[in-house]
Amino acid sequence: MQDTTELGRLEGKVALVTGAGRGIGRAIAEQLAADGAKVVINDLGGALVGGGRDLGPAEAVASDIRAGGGEAVPNGGDVSNWEDARGMVAQAVDTFGRLDIVVNNAGVIRTGMSFNTSESDWDLVIAVHLKGTFAVSRFAGEYWRERAKQTGSPVDAAIVNTSSPNGLNGGSPGHVNYAAAKSAIATMTITMARELAPYGVRCNAIAPVAFTRMTEELWGSGAFVDDNREAFSPQAMAAVVGWLASPRAGDVNGQVIGINGRSCVLWESWHTVSSAQTTDERWTVEGFGSAAETLFAGRDRGIPS
Ligand SMILES: NC(=O)c1ccc[n+]([C@@H]2O[C@H](COP(=O)([O-])OP(=O)(O)OC[C@H]3O[C@@H](n4cnc5c(N)ncnc54)[C@H](O)[C@@H]3O)[C@@H](O)[C@H]2O)c1
């Protein structure tokens, strides 16, 4: 259900959504536009596994939003390209006069076990997800910091990143590059929340699960059955982003929210769960062996579930 309260409204705000030509990104752009934001629709328009370039998907979303009475412009940049990332932020400011919300959503997938992942499969997935999320946020952060310094008061801005359950629980075998990137995005979310908080910028992340082309091969199995179409729709994921980007979430910072159908969960970063000390001057192999008994006491020593 749409949040029509004043706090949920984004009137006067400008958003940049990456990978907004399809899937979850498209739904996020539509949600933010419906809530009153002007939106830069970034999408390289490539294949699921990367490669190719087509402004068509970004243009189609922008023109649909405009047809519905909203304001939107397309951007065909590659998030993993430093200058393109700079250009997206600049386009928002040049076109709409400001930037308030960045949603880092663009993504590709290249499956493969660690032992047969190619260098290009590793590089592309890390580049689009990790470098791409960083690059766009980096230029947005620079812009917000400048604005805060010029006006002498914090800006009221928000970044929403896209992690994945795969990156938070180690994932299933076959997605090592993707899991590494998505895990790093979750950690980077906390780092950037700390760095940008003084300037009035919140930085949070979602870990979605949705029916899109990225999950097409899973449709019909597990939770991806017709009865769950709405609960796992891109629009359902977008609603949470709409909330996180709005003043309703004004005190939420450095958080990672998982959305799994009608359930949502709060993820927490790596944290210590037990400790042990040595009575010797420093650790020795034997000394650590004794301490390990305390460290693992009552705990499973195998792969975390
Ligand atoms: N679908 C899921 O269940 C699921 C689960 C966890 C995380 N995610 C994440 O959600 C995000 C959106 O995924 P989706 O399922 O909507 O996939 P999707 O393939 O439908 O959409 C991703 C979009 O990103 C664009 N893109 C790819 N590389 C780009 C680049 N370098 N620069 C700009 N745009 C680029 C693509 O053209 C595409 O339109 C991704 O980050 C994905 O990893 C999805």
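The values are calculated or read from the model by the stated rules, or taken from the named source; none is laboratory data. Remember, it's a predicted structure, so these values are computed and weren't measured experimentally. Cβ sites come from the backbone with ideal geometry, for glycine too, and all protein chains shown count toward neighbours.
Residues in the stretch 14-56 that are within 6 Å of the ligand (Cβ to nearest atom) and either in a loop (DSSP other than H, G, I, E, B) or farther than 15 Å from V241 by Cα (or both): how many?
10
Every residue in the stretch 75-106 that is crowded, with 20+ Cβ neighbours inside 10 Å, more than 12 Å from the ligand (Cβ to nearest atom) and not in a helix (DSSP H, G or I), please.
Of everything in the stretch 75-106, those that are crowded, with 20+ Cβ neighbours inside 10 Å, more than 12 Å from the ligand (Cβ to nearest atom) and not in a helix (DSSP H, G or I) turn out to be L99, D100, I101, V102.
Would you mind listing the strands (runs of 3 or more DSSP E) fully within the stretch 174-290 where at least 2 residues are β-branched (V, I, T), in the same structural domain as V160 (by TED's automatic domain parsing) and buried (at least 17 other Cβ atoms within 10 Å of the Cβ)?
Qualifying strands (runs of 3 or more DSSP E): 201-207, 256-260.
Picking from A62, A72, which residue would you name as being over 24 Å from M214 (Cα atoms), more than 9 Å from the ligand (Cβ to nearest atom) and buried (at least 18 other Cβ atoms within 10 Å of the Cβ)?
A72
Looking at the stretch 107-125, which of its residues are among the hydroxyl-bearing types (S, T, Y) and within 15 Å of the ligand (Cβ to nearest atom)?
If the condition is that a residue be among the hydroxyl-bearing types (S, T, Y) and within 15 Å of the ligand (Cβ to nearest atom), then T111, S120 are the ones that fit.
For the stretch 75-98, check the following and say yes or no: at least one residue is out of contact with any strand residue (DSSP E or B) (no Cβ under 9 Å at 6 or more places or on another chain), in contact (Cβ under 8 Å) with a residue 24 or more places away in the chain and among the hydroxyl-bearing types (S, T, Y).
Yes; the residues of the stretch 75-98 include at least one that is out of contact with any strand residue (DSSP E or B) (no Cβ under 9 Å at 6 or more places or on another chain), in contact (Cβ under 8 Å) with a residue 24 or more places away in the chain and among the hydroxyl-bearing types (S, T, Y).
So, in the stretch 291-305, how many residues would count as being part of a helix (DSSP H, G or I) and surrounded by 10 or more Cβ atoms within 10 Å (Cβ to Cβ)?
Number satisfying all stated conditions: 4.
Do we have S164 as within 12 Å of the ligand (Cβ to nearest atom) and either buried (at least 18 other Cβ atoms within 10 Å of the Cβ) or modelled with pLDDT under 95 (or both) here?
Answer is yes for this residue.
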